[in-house]
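Since the structure comes first, as structure tokens, the remarks are kept for the end.
The values are calculated or read from the model by the stated rules, or taken from the named source; none is laboratory data. Note that the structure is a prediction, hence the values are computed from the model and not measured. Glycine also receives a Cβ, built like all others from the backbone with ideal geometry; neighbour counts cover every protein chain displayed.
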Amino acid sequence: MIASEIILRARHASDLPSSQFVDHNDELASLNESWKDIYAQLLENDDDYFLSETTLTLSSTYAVSGTTNEYLLPLPSDCSRIRYVDYRGTMDWLPMLKFNLSMKDNQPASPYYRIKGAFLWVIGASVPATGLSVKIGYYPRQATITCPQADLVFGSSYTAPAWMGIGGACYAAYGQSMVYTLTSGTVITAESISSATVSAPVALFTDSGAVTNLVYYKGTLYWIRGGSMWYKASTLIAAFAAPTQVGAIVNVVAFCIVSDTIYYANATQIRSCTLTGGSDALVATVVATSLAIYGTTVVYATAAGAVIVQTPTPTTIYASGITKITGEPNTLCVLGSTGILRRVTLTIGTTAAIATDEAIDTSVTDMGFPVPDLGQSPSTVIIGVRRAETQELRGVDCVVDYDFAYPNNLVPEIMAYQSAIDYRAKQNQDTGELKEKLAGKWQTFSSMMRRDDYLPTRIRNAYPAQGLH
């Protein structure tokens, strides 16, 4: 079950299906607090589904200064709790036992361990010069549950024939607005949720030719018309007069804006300039149909549908099938020829590679640039999209809807009821009935959790003969 389904169940269980008093931050907070409790219960019962394992090398580099038998080996950054520790013996892996504090000054022939802050504290005979292989099984910190906020809906005032003339999908955080074009792309139009103009769109400006590549940046609207870039300050709720051209730059096919710099593509190059067209400079001699800046690196799409990261060694991350890319420094959005919109993260060194690739929307025919939404915790980004199948303009949250593939079905129910209790409590409503139902779910869940074969400390008062991990 995905996070949004759990939230919907919680809304109905609380009899608050559409209350604005409980906002998206409340939903996420309740969901994560509930998951934290469940995750802790699973680990207390040694459920190894979440177990991670890593092998490290313990060498003299980690020796504690002034000692001959102590070493501090950094634990994995995501380590929450140790499950077991092994070390490589002369022939095979052997369990590393946990030492009592009274042993800390000893020099046993075999290594022993304890946890000391963010380190594995190891005592024993001198570590070989080549290093000692240590295998650590651990439980990672519980995942932060993410769920997209409800789509922001625009373009709802148009009939189906009129809607077919809409072009572009530029979302602006200012006023929760959407900017697009009408009438063969010449009329720049805006709607604002905050200013209540969704039902009465505002014609901002009628240009002399088709407008593309709308971007709203720091109170100013930018676009391409006739191969040149244009800009005009706008509140997006009132018409404005003639715009100003960005320098004397021509033959522009696409651009993006990052850190007060315009990066644009012409027929043969990617170049950069100031917001008014000054300091025009070559970035790369490549042919791009759309582009974005990921971190500090240029990423661009080609007419053949490929996506290339312009690192010190240009790297193709998609060979074909991509119609457009957009992005901001922490987000790369990729639109495929099948209408699937994906959020992509990259690892970039001398070459680039895709770290995550997650679908966030379907039936998309056009998209704008993702815009940070700092009102959410954690902050997210919203991207404007044009959906063909449902004939909609939407502001879509780029957060991925977390999927609880494990554990059993009781977990989503527990989370839904706990969230429902939180929703009602925030409105000072009675929570007694919900608490009774939640207690029953917890009781059933506890009876189903299996006990581990390793007999952990809480079950016995003495260490087993084979050592405890």
Check: How many residues does the range 402-415 contain that are in contact with a helix residue (DSSP H, G or I) (Cβ under 6 Å, 6 or more places away or on another chain) and surrounded by fewer than 17 Cβ atoms within 10 Å (Cβ to Cβ)?
Finding: 2
Check: Are any residues in the range 310-325 among the polar types (S, T, N, Q) and part of a loop (DSSP other than H, G, I, E, B), and if so, which ones?
Finding: 310, 311, 313, 320
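Among the residues of the range 87-134, how many are assigned to a strand (DSSP E or B) and closer than 18 Å to residue 63 by Cα?
As a first pass, look at the range 87-134 and keep what is assigned to a strand (DSSP E or B): 87-88, 93-95, 97-98, 112-116, 119-123, 132-134.
Add one more test, that the residue is closer than 18 Å to residue 63 by Cα, and what stays is 87, 112-116, 119-123, 132-134.
So the count comes out to 14.
For the range 262-288, give me the residue count where each residue is under 26 Å from the mean Cα position of the chain (by Cα) and of a type in the set (Val, Ile, Thr). Walk me through it before giving the result.
Looking only at the range 262-288, we keep the residues that are under 26 Å from the mean Cα position of the chain (by Cα), and these are 262-263.
After this cut, where a residue has to be of a type in the set (Val, Ile, Thr) as well, the list is 262.
Result for the range 262-288: 1.
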Note to self: Quick check on this structure: which one of 176, 149, 107 is more than 30 Å from residue 236 (Cα to Cα) and either surrounded by 14 or more Cβ atoms within 10 Å (Cβ to Cβ) or touching a strand residue (DSSP E or B) at 6+ places or on another chain (Cβ under 8 Å) (or both)?
What the structure shows: 107
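Filter the range 78-105 down to residues that are of a type in the set (Asp, Glu) and within 39 Å of the chain's Cα centre (by Cα) and give me whichever is nearest to residue 125 (Cα to Cα). Please lay out each step first, then the result.
Taking the range 78-105 and keeping what is of a type in the set (Asp, Glu), we get 78, 86, 92, 105.
Right, trim to within 39 Å of the chain's Cα centre (by Cα) and you get 78, 86.
Working: 78: 29, 86: 16 Å.
Once the filter is applied, the top-ranked residue is 86.
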Margin query: Return the residues of the range 18-64 that are outside any helix (DSSP H, G or I), touching a residue at least 60 places away in the same chain (Cβ under 8 Å) and of a type in the set (Val, Ile, Thr); say none if nothing qualifies.
Written below: 22, 54, 55, 57
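Condition first: farther than 19 Å from residue 397 by Cβ and either at pLDDT below 90 or assigned to a loop (DSSP other than H, G, I, E, B) (or both). Now tell me which residues in the range 135-158 satisfy that. Can you show your working first?
The first filter runs over the range 135-158 and keeps only residues farther than 19 Å from residue 397 by Cβ, leaving 135-142, 157-158.
Of everything in the range 135-158, those that are farther than 19 Å from residue 397 by Cβ and either at pLDDT below 90 or assigned to a loop (DSSP other than H, G, I, E, B) (or both) turn out to be 141, 142, 157, 158.
Give me a count of the residues in the range 226-253 that are at negative phi and within 34 Å of the chain's Cα centre (by Cα).
To start, the set of residues in the range 226-253 that are at negative phi comprises 228-235, 237-246, 248-250, 252-253.
If we keep only those that are within 34 Å of the chain's Cα centre (by Cα) as well, we get 229-235, 237, 246, 252-253.
The number of residues fulfilling the criteria is 11.
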Next item on the list: Sort out which residues of the range 329-355 are β-branched (Val, Ile, Thr) and assigned to a strand (DSSP E or B), and write them in order of number.
Entry: 331, 334, 344, 345, 347, 348, 354
Item checked: Which listed residue, of 258, 298, is touching a residue at least 60 places away in the same chain (Cβ under 8 Å) and closer than 17 Å to residue 329 by Cα -> 258
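Per-residue answers, yes or no, for (1) assigned to a loop (DSSP other than H, G, I, E, B); (2) under 22 Å from the mean Cα position of the chain (by Cα); (3) in contact (Cβ under 8 Å) with a residue 40 or more places away in the chain:
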residue: 327; (1), (2), (3): no, yes, yes
residue: 357; (1), (2), (3): no, yes, no
residue: 376; (1), (2), (3): yes, yes, yes
residue: 382; (1), (2), (3): no, yes, yes
residue: 399; (1), (2), (3): yes, yes, yes
residue: 408; (1), (2), (3): yes, no, yes
residue: 423; (1), (2), (3): no, no, yes
residue: 435; (1), (2), (3): no, no, no
Notebook entry, point to check: Do we find a residue being farther than 21 Å from residue 406 by Cα, of a type in the set (S, T, N, Q) and surrounded by fewer than 19 Cβ atoms within 10 Å (Cβ to Cβ) anywhere in the range 40-56?
Noted result: yes
Note to self: Among the residues that make up the range 196-218, is at least one of them buried (at least 20 other Cβ atoms within 10 Å of the Cβ) and among the charged types (D, E, K, R)?
What the structure shows: no
Next item on the list: Residues being over 20 Å from residue 255 (Cα atoms), of a type in the set (Gly, Ala, Ser) and in contact (Cβ under 8 Å) with a residue 12 or more places away in the chain: count how many of those fall in the range 165-207.
Entry: 11
Next item on the list: State all residues of the range 361-384 that are over 17 Å from residue 167 (Cα atoms) and in contact with a Phe, Trp or Tyr (Cβ under 7 Å, 6 or more places away or on another chain); if no residue qualifies, say none.
Entry: 371, 382
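Picking from 75, 94, which residue would you name as being in the same structural domain as residue 130 (by TED's automatic domain parsing), at pLDDT 95 or above and aliphatic (A, V, I, L, M)? Walk me through it before giving the result.
Numbers: 94 fails: at pLDDT 95 or above.
Answer to the check: 75.
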